[in-house]
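Novice: Let me begin by handing over the structure; questions about it come next.
The values are calculated or read from the model by the stated rules, or taken from the named source; none is laboratory data. Just so you know, these numbers come straight off a predicted model, no measurement behind them. Note: accessible area is taken over every heavy atom of the protein model, side chains too, but ligands, DNA and RNA are not part of it. Shrake-Rupley method; radii C 1.70, N 1.55, O 1.52, S 1.80 Å.
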Amino acid sequence: MFEGFPLLRHDRPSLLFAGVLACFFLLVCLAGTGRTDVHRVELKKHVMQDAELTFDAEEQEKALSRAVLKEAEQILAGTLPRGRKKVIQKFLRRKVDDFVLSYSEQQYMEEKNTGVLSLEVNVNTQSVKDELKKWGTYFTAAREWDYRLDVRGTLDREEELSLADLESMSGLRRDRKAPGPVFVLLPPREEGDHWEALLRRNGEETLYMAQSLDKLWLKTWSDFFSLREVRLRVERMMRLSASGWSTSTGIRHFDSLLGEWSTELDRAVIQSIHFEPEGLGGTWTVYTLTPAELRSRLKSYISSRSLDFRLEEVNATKSLSD
């Protein structure tokens, strides 16, 4: 796991062991870091003259969901249409308690009849990203994916509208000529029956059942988007090597910084830390939807700090480096 130690030219095992031990503890510390973001949001409403200013639980939840949507927009690679953002917010709002770690609240009158609920919300980045991946939203933010819909039965107006929202949330677009995947939907024949679906792809067919259309959709497509070959349609697995730090503080900061690049990076997993003549170095496995943007961000950060980096696709001969 650890590479050579050219700075340690002594033959004393204790000194070498100390270097290995220091790297090990640094790796453990880096692996345990998580990330959150703080978003400030406001909710305003008209207040009757001399009435007490209060915001109910539903209004508070709406404000919190705005903060979660801000986090989602920051994570997603691509510009979302306004209509799709509203749909995404609606679905994320259902689990807002899972995404919000904490918040501080302030209520005040902005004008004579305008009350303001101001919140600073601490949002769990990884939880939001995981949810967007389950729905497929993370992978389809830049461009919708085509699929073929085959409804074996009848949907009423509300069910048609619900299906349209589900498609918008996942970023899936109906196309009768799409070769696949094919989503065969079987609505309940009688009250109390299950919803059923068949997902056909690459000659394989999988059956799903659920009590509601929403649950059926999420169960089906979360399986689909969890497949490695599906994710690799847009995601690239790359190896990042960087060196030139004089202390562990620098490499710690850089590892933390990678976690903040939520648009350019899905995730970065540190693999090794090593000593080199020019200083400390590290190697990360990184997953990105935008390799060119990641390279540009790295170049901008590292070039002004006398550091070196190399970015290459795993199992590829061509590297993206300076």
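Novice: Would you compute, for the Cα atoms of the range 175-322, the largest minus smallest coordinate along each principal axis and list the three values in descending order, in whole Å?
Specialist: 72, 30, 23
Novice: Considering only protein heavy atoms and a 1.4 Å probe, what is the carbon-and-sulfur percentage of the accessible area of the chain?
Specialist: Details: 8450 of 17840 Å².
Ligands and nucleic acids excluded, carbon and sulfur reach 47 percent.
Novice: Report ³J(HN,Hα) in whole Hz for each residue of the range 190-200, in order, from the Karplus equation J = 6.51 cos²θ - 1.76 cosθ + 1.60 where θ = phi - 60°; Gly and Pro get x.
Specialist: 9, 4, x, 6, 7, 7, 10, 8, 10, 10, 10
Novice: Please report Rg over Rh for the chain, where both radii come from the alpha carbon positions and Rh follows the Kirkwood definition. Spell out each step's value before the answer.
Specialist: Values: Rg = 24.6 Å, Rh = 23.1 Å.
Computed over Cα atoms, the ratio is 1.07.
Novice: Calculate, for the range 219-281, the solvent-accessible area per residue in square angstrom, rolling a 1.4 angstrom probe over the heavy atoms of the protein chains. Before the final figure, lay out the partial values.
Specialist: Numbers: 2740 Å² over 63 residues.
Averaged over the residues of the range 219-281, the accessible area is 43 Å².
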